[in-house]
């Protein structure tokens, strides 16, 4: 490991002050002790705010141009498609190149594309829905490379003992910016016009680039292995995952989580309209309550750690989140549907932080980018999962489709809980 000469805040390992009191609340300890992680975390705040700002803005812009709710959903979902082709190669680059510089280059592409698209919108030259699809595909290409690399950088900016806290705070950045991005987007659309959303998005990406300039990666490890071809590197990463049963099971659990939990956000408008008989206000309330559950979970984890072994936490919260989907499919009552979203946010955040912490702790740093890119590969399957659930919903009703998928997920996750003894014991 390379020492960080600029990180004067670190306490020497041999000093008594290096041992925190067991009862001390450590909510922001990884930020307090690691100046480089502060740069990364603040940059992630900007980037996540820009991403949620983009999601909300593009959905409304597509609806304004086409008048189609389907285009409103698909223009957002299409950004995930490049992950299917490029995501694993993003992991290969993250293990071959300087991760900090790779993120900066990809963020620069995002700055340029969002600024250029905003100018086109301002000039009235975005007059067909295919322009919106094109912009989101370009954004998706950058996303495929930057997402696994940003995730790998967390472990490169904090020591191993701070990793769980740092990943919890990373999840806090995502959850809090989901709310902030939605609020900023709505205010700008109502008071100014669509182009200003893209100008703000571009500025936020630029802010992350500036924060990465002074950041260092003191916990990046050099493998010392002779450089192979990119294809050989890709095969090596996949072989590592397949060759470890615990890693394969952690990955499988994350794919199940994506297939069951993630389509929910895309279907909330249809669910609130068709099942609950309510409008956008209830849909927004459900997102806010879910965000509150996620924020509560991140504060709990970063302050006090997990309530039991991390492996068992991931299995239990996978079951509880699937149960929420089942209940949403069965209920037609707003007073149940809105409050229960708190449990969804709480469950999903506990699962993500626990699952990521285990994977990032187990994997060697020279394979971190490739393994993380496979973990994020599920992002590319979100449109497929959404289309599958949506297609069934058209045939039998969105409530029945959600109930069926939730019931199947509960059964599958219970099987995981009782069969994956090695995961239950991971901590």
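The values are calculated or read from the model by the stated rules, or taken from the named source; none is laboratory data. Not measured: the values here are computed from a predicted model. Neighbour counts are summed over all protein chains in view; Cβ atoms, including those assigned to glycine, are modelled from backbone coordinates with ideal geometry.
Tell me, please, whether a residue that is surrounded by 18 or more Cβ atoms within 10 Å (Cβ to Cβ), out of contact with any helix residue (DSSP H, G or I) (no Cβ under 6 Å at 6 or more places or on another chain) and in contact (Cβ under 8 Å) with a residue 24 or more places away in the chain can be found in region 268-286.
Within region 268-286 (the criterion being surrounded by 18 or more Cβ atoms within 10 Å (Cβ to Cβ), out of contact with any helix residue (DSSP H, G or I) (no Cβ under 6 Å at 6 or more places or on another chain) and in contact (Cβ under 8 Å) with a residue 24 or more places away in the chain), the answer is no, since none of the residues qualifies.
Would you be able to tell me the number of residues in region 100-146 that are over 21 Å from residue 199 (Cβ atoms) and buried (at least 24 other Cβ atoms within 10 Å of the Cβ)?
3
Quick check: is even one residue across region 162-178 outside the structural domain of residue 147 (by TED's automatic domain parsing), closer than 30 Å to residue 408 by Cα and either at pLDDT 90 or above or part of a helix (DSSP H, G or I) (or both)?
no
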